[in-house]
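**Student:** Structure below; questions to follow.
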Amino acid sequence: MTAWLSVLVPLLVMFFALGMERVESRMREAALRQEELDQLLEQPRPDEVRALFRQGTARALELFRLRDRGPGNRRTARRSKVSS
């Protein structure tokens, strides 16, 4: 019986650690970067503010990221002019 426990306990701990590593990697991918939050709070649009209060940070950041990646993004155009 003790032999089984000495084999089973380390295996259980190892599988638990592997499972927690997967959970942690998913959380790390979904984590909010400080720069993104600062930009969102410095230059919010009305729809982003509405989403922030009604649906939470995740939806507001989704709208912010869509705005930031949009084809008519003025910030991207200004940055490219400045860097040229």
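**Student:** Scan the range 24-33 and tell me whether some residue there is surrounded by 10 or more Cβ atoms within 10 Å (Cβ to Cβ), modelled with pLDDT under 80 and not charged (D, E, K, R).
**Tutor:** yes
**Student:** When you look at E48, is it touching a helix residue (DSSP H, G or I) at 6+ places or on another chain (Cβ under 7 Å) and assigned to a helix (DSSP H, G or I), yes or no?
**Tutor:** Numbers: touching a helix residue (DSSP H, G or I) at 6+ places or on another chain (Cβ under 7 Å): yes; assigned to a helix (DSSP H, G or I): yes.
Judged against the criteria, E48 is a match.
The values are calculated or read from the model by the stated rules, or taken from the named source; none is laboratory data. This structure is a prediction, so every number in the text was calculated from the model and none was measured. A quick note on method: Cβ atoms are made from the backbone with ideal geometry, for glycine too, and the neighbour counts reach across all protein chains shown.
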